Amino acid sequence: MDRQLLGALEAGGTKMVCATGYADGTVLESEEIPTTAPEETMRAVVAWYRGKGIAALGVGAFGPTAVDPASPRYGHILETPKTAWRHFDLLGSLAGPLGVPCGYDTDVNAACLGEATFGCARGLSDVVYLTIGTGVGAGVIVGGKLLHGMLHPEAGHILVTRDPRDTIGEHSGCPYHDNCLEGLIAGPGVKKRWGGRRASELAGDPEAMDLLAGYLAQALVTYTLCYSPEKIILGGGVSDHTPIVPLAREKCAELLNGYIATPEVEDIDTYIVNNSLDGKQGVMGCLELARRALEA
């Protein structure tokens, strides 16, 4: 099975990353297709895979999306801000035309799976992966299994306490919540607060980084206490292009205040870390989803 060609699709809100590779995590080729109207986008995606001879396809989709195979809406996009994609049968638009087994989960669960299978969380059974970019998403593995429950983790929208120094105004960058992590730390909130500037442009601003790191630290404490992961991994543009991770790591330790006395938390520099797969964790996780679909 290791040498059977597999397909991997990171189905994002701005782009679709189409790739092929093998079960050992090797990525052979990849191409980005812009995410436009659903039918137009998926026609282009199907055309890219057709004729490549993939044995199975793993899909990591933007959400919210239905990930329970028993649900009649399995594989559908749900109440996304991208209104044209609401209730679109993403999985059906691929499985039918391509005629291969398909594994399906969220994009951040796929990234978490990639890190747990091939990256810095390899061999661990309880992992949190958080991506901070245009939005904030979380993938969670508990007891060796991707966490779903009634839907899937939406831990990017946990509520945090506003910093009195924050100048963002009454409303955050999230249309649903004015004091959730995503609304205060992701791209739209950053731009709203700092005149359209991106987080990477503010990386040298100690006050800006301290503010953002404080919000992230609150969330990291919550994830540590509620999920009890063996490792927390951070990805996405804000994490990758600013010093927010080491700053938040230090603040997280201060907030925990010695309450969690485990070897993992006591070595917090290796407990809360940046991603380890050079941006390929999502695609590599999708390859693992494809492998599992082929074995099912």
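Among the residues that make up region 216-227, is at least one of them touching a residue at least 24 places away in the same chain (Cβ under 8 Å) and closer than 15 Å to Gly187 by Cβ? Reasoning before the result, please.
Filtering region 216-227 down to residues touching a residue at least 24 places away in the same chain (Cβ under 8 Å) leaves 216-225, 227.
Subset that is closer than 15 Å to Gly187 by Cβ: 216.
Within region 216-227 (the criterion being touching a residue at least 24 places away in the same chain (Cβ under 8 Å) and closer than 15 Å to Gly187 by Cβ), the answer is yes, since at least one residue qualifies.
Could you grab me the full set of residues in region 265-279 that are of a type in the set (D, E, K, R) and under 16 Å from Leu234 (Cα atoms)? It would help to see each step written out before you state the result.
Narrowing region 265-279 to residues of a type in the set (D, E, K, R): 266-267, 269, 278.
Result: Asp269, Asp278.
Among Gly103, Gly75, Gly99, Gly58, which is at pLDDT 95 or above and touching a Cys at 6+ places or on another chain (Cβ under 7 Å)?
Details: Gly103 fails: touching a Cys at 6+ places or on another chain (Cβ under 7 Å); Gly75 fails: touching a Cys at 6+ places or on another chain (Cβ under 7 Å); Gly99 fails: touching a Cys at 6+ places or on another chain (Cβ under 7 Å).
Of the residues listed, the single one that is at pLDDT 95 or above and touching a Cys at 6+ places or on another chain (Cβ under 7 Å) is Gly58.
Any idea how many residues of region 195-242 are of a type outside the set (Ser, Thr, Tyr) and within 19 Å of the chain's Cα centre (by Cα)?
If we filter region 195-242 for residues that are of a type outside the set (Ser, Thr, Tyr), which is where we start, we get 195-199, 201-214, 216-221, 225-226, 229-238, 240-241.
Within this subset, residues satisfying the condition of being within 19 Å of the chain's Cα centre (by Cα) are 199, 212-213, 216-221, 226, 229-238, 240-241.
Residues in region 195-242 being of a type outside the set (Ser, Thr, Tyr) and within 19 Å of the chain's Cα centre (by Cα): 22 in total.
All but one of (1) polar (S, T, N, Q); (2) in a loop (DSSP other than H, G, I, E, B); (3) surrounded by fewer than 22 Cβ atoms within 10 Å (Cβ to Cβ); (4) under 23 Å from the mean Cα position of the chain (by Cα) hold for Thr167; state the number of the condition that does not hold.
Single failed check for Thr167: (4).
Do any residues in region 97-109 that are touching a residue at least 12 places away in the same chain (Cβ under 8 Å) have Cβ atoms under 6 Å from those of residues that are in a strand (DSSP E or B) and of a type in the set (Val, Ile, Thr), where the two are at least six apart or on different chains, and which pairs are they?
Tyr104/Val59; Val108/Thr131
Filter region 131-145 for residues that are modelled with pLDDT of 95 or more and assigned to a loop (DSSP other than H, G, I, E, B); which is surrounded by the fewest Cβ atoms within 10 Å (Cβ to Cβ)?
Gly143
If the requirement is being touching a helix residue (DSSP H, G or I) at 6+ places or on another chain (Cβ under 7 Å) and not β-branched (Val, Ile, Thr), which of these qualifies: Leu289, Leu294?
Numbers: Leu294 fails: touching a helix residue (DSSP H, G or I) at 6+ places or on another chain (Cβ under 7 Å).
Checking each option against the conditions leaves just Leu289.
Which of the residues spanning region 222-244 are surrounded by fewer than 20 Cβ atoms within 10 Å (Cβ to Cβ) and over 19 Å from Ala110 (Cα atoms)?
Within region 222-244, Thr222, Leu225, Cys226, Ser228, His241, Pro243 qualify.
If the requirement is being assigned to a helix (DSSP H, G or I), of a type in the set (Val, Ile, Thr) and under 20 Å from Cys174 (Cβ atoms), which of these qualifies: Val283, Val265, Val238?
Details: Val283 fails: under 20 Å from Cys174 (Cβ atoms); Val265 fails: under 20 Å from Cys174 (Cβ atoms).
Just a single option satisfies the conditions, and that option is Val238.
What number of residues within region 151-164 are surrounded by fewer than 17 Cβ atoms within 10 Å (Cβ to Cβ) and touching a residue at least 60 places away in the same chain (Cβ under 8 Å)? Reasoning before the result, please.
Step one: of region 151-164, the residues surrounded by fewer than 17 Cβ atoms within 10 Å (Cβ to Cβ) are 151, 154, 159, 161-164.
Then keep just the ones that are touching a residue at least 60 places away in the same chain (Cβ under 8 Å); that gives 151, 154.
Selection size over region 151-164: 2.
Contact list please: Cβ distance under 7 Å, first residue in region 256-268 and over 12 Å from Leu225 (Cβ atoms), second residue among the aliphatic types (A, V, I, L, M) and surrounded by 10 or more Cβ atoms within 10 Å (Cβ to Cβ), pairs at least six apart or on different chains.
Sorted first by the residue in region 256-268, then by its partner, the pairs are Ile268/Ala253.
All but one of (1) out of contact with any helix residue (DSSP H, G or I) (no Cβ under 7 Å at 6 or more places or on another chain); (2) farther than 30 Å from Tyr22 by Cα; (3) among the basic types (Lys, Arg) hold for Arg197, so report the exception by its number.
(1)
A quick yes/no check of all residues on (1) more than 16 Å from Met16 (Cα to Cα); (2) of a type outside the set (A, V, I, L, M); (3) within 18 Å of the chain's Cα centre (by Cα):
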| residue | (1), (2), (3) |
| --- | --- |
| Glu32 | no, yes, yes |
| Leu57 | no, no, no |
| Gly60 | no, yes, yes |
| Tyr74 | yes, yes, no |
| Arg86 | yes, yes, no |
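Restricting the search to region 189-205, which residues are crowded, with 16+ Cβ neighbours inside 10 Å and of a type outside the set (D, E, K, R)?
Hits for region 189-205 are Gly189, Val190, Trp194, Ala199, Leu202.
The values are calculated or read from the model by the stated rules, or taken from the named source; none is laboratory data. Please read all numbers here as calculations on a predicted model, not as lab measurements. Glycine also receives a Cβ, built like all others from the backbone with ideal geometry; neighbour counts cover every protein chain displayed.
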